Amino acid sequence: MRITHSFFIKKIKYLGGKEMKKRVISIFLCVAMTASMLIGCGSSSNSDKKEDKSETSTESKGNDLETDTVRLALAGSAHIFNAIAEEQGYLEDEGLTVEYVNCENSEGAFQSLAAGKVDVLSNYGTNLPLQYIGSGTDLTMFAGYMITGCMPIIAKKGTTWNGVEDMVGKTVACEPNVFAVSGALLDKGYDPLNDVKWLSLDNHTDRIEAVRSGEADYAVLGTGMMYNVTQMDDIDIVSYCSDVTPNYSCCRVEANTKWVNENPNTVKALLRAWLRAQEWYEGHKEESKAIVAETLETDEDYVAAYMDNEHYRLNLDPFKSSIERAWGYMLKLNLFDEGAEDINIDDHINTELYKAALDECIDKYHDENPDFYDTMLETYNEYDK
């Protein structure tokens with residue numbers, strides 16, 4: 001069974017300008033009000049796959065972890081760093097167990113976070129956590145995952161593509177909060193809410209069908225849809241979001257600010273394990289595909305469809321400047337609730353815990369791969385100060 005993403009905004013017909021703005025805001029308000037409701041998420045503990053760690057985790061002693069269990073929402077493209085960190089024993093070294101919480105869709109993941117059923121989210125974009133922050137939810141982004149996801153822009157086979165300006169006057173199956181597209185249009189002097197017809201569909205399979213039927217000229221899809229698209233002979237991938245907006249900040253790692261503030265040592269331990277996992281991943285990409293396929297309980301062809309693509313770029317760095325740019329785009333598009341302009345987005349980005357974890361890894365593991373750790377430090381200095 002293929003895993004597909006079901007996204008945040010419910011099905012609505014063609015909307016533009018103020019009507020689109022009001023509908024988007026009202027949807028997010030509704031979700032914020034119902035976030036504490038019980039939802040269909042189930043957890044599975046990775047500790048079931050491991051032996052008792054009480055005698056083996058000598059490195060974790062003295063770390064003073066506030067909690068030794070972190071509940072992570074599992075999305076359709078999996079969390080490669082966590083899967084590797086478990087497989088290679090890096091979580092065990094830190095004295096941590098990560099429990100996967102299976103949520104039906106993005107809305108369910110954020111509701112689980114609000115209800116205290118999940119501790120950490122990762123594969124849910126940058127626009128969605130920013131949307132929640134803009135509506136008053138106190139979230140903190142403290143790391144990255146995909147700096148650019150393998151997010152294809154599709155059209156009917158044979159469609160000519162000259163750039164994002166080709167969307168002007170056309171119908172695009174995605175939401176205007178996909179700032180990699182709408183922000184690029186802003187940069188070129190267009191008014192995305194009025195110059196483009198946005199067909200909002202919560203299921204990406206429906207987006208594909210909208211293109212096939214002619215209801216939409218283009219569609220923007222998530223990373224987890226790559227396999228499906230590559231099997232279709234009537235659809236072309238005309239571009240990728242990372243071609244339209246380089247380093248656009250695909251997926252960040254976020255949690256409730258209260259949880260981050262109350263569990264700094266646990267956060268740093270998790271990030272140390274994930275940093276080591278990124279280092280391993282970059283040297284073992286073939287093996288990584290098998291690990292991810294096992295985590296998702298799918299075959300390697302599904303995983304390879306996005307992991308082998310050059311647009312799929314993983315990096316644990318928070319990329320603070322990319323988050324700030326995304327926030328600026330969304331403010332200009334008026335996609336937030338009233339009062340969002342008074343929010344300082346930097347108050348919701350914590351780079352200190354990541355930097356502390358990076359420094360600790362450099363002190364302990366630098367000699368294992370100097371190029372990797374030097375590059376990670378250079379990236380931090382360029383994008384996070």
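Read the figures in this text as sums done on the coordinates, not as results from a lab. Keep in mind that this is a model prediction, so the values were computed, not measured. For neighbour counting, all protein chains shown are included, and Cβ atoms are generated from backbone atoms with ideal geometry for every residue, glycine included.
Cα centroids of region 224-254 and region 186-217: 14 Å apart. Take the cross-link list Lys156/Lys285; Lys156/Lys197; Lys268/Lys289; Lys268/Lys385; Lys268/Lys320 and give me the ones stretching past 22 Å between alpha-carbons. Distance filter (> 22 Å) returns Lys156/Lys285; Lys268/Lys289. Applying both filters, DSSP loop and at most 13 other Cβ atoms within 10 Å, to the trypsin sites (Lys or Arg not before Pro) of region 148-214 gives Lys157, Lys170, Lys188. Using alpha-carbon positions, what is the distance between the centroids of region 270-310 and region 320-385, in Å? Region 270-310 and region 320-385 have Cα centres spaced 23 Å from each other. Shown in residue order for region 315-329 are the 3J(HN,Hα) couplings computed by the Karplus curve 6.51 cos²θ - 1.76 cosθ + 1.60 at θ = phi - 60°: 6, 6, 4, x, 6, 4, 5, 6, 5, 4, 5, 4, 4, x, 4 Hz (x for Gly and Pro).
Taking amide H atoms as placed 1.01 Å from N in the peptide plane, the amide H of Ala219 lies under 5 Å from those of Ile154, Ala173, each 5 or more residues away in sequence or on another chain. Taking a ≥ b ≥ c as the square roots of the eigenvalues of the alpha carbon gyration tensor, region 289-385 is oblate, as a/c is not under 1.5 and a/b does not beat b/c. Of the GluC sites (Glu not before Pro) found in region 86-172, those that fall in a DSSP loop while having at most 15 other beta-carbon atoms within 10 Å are Glu104.
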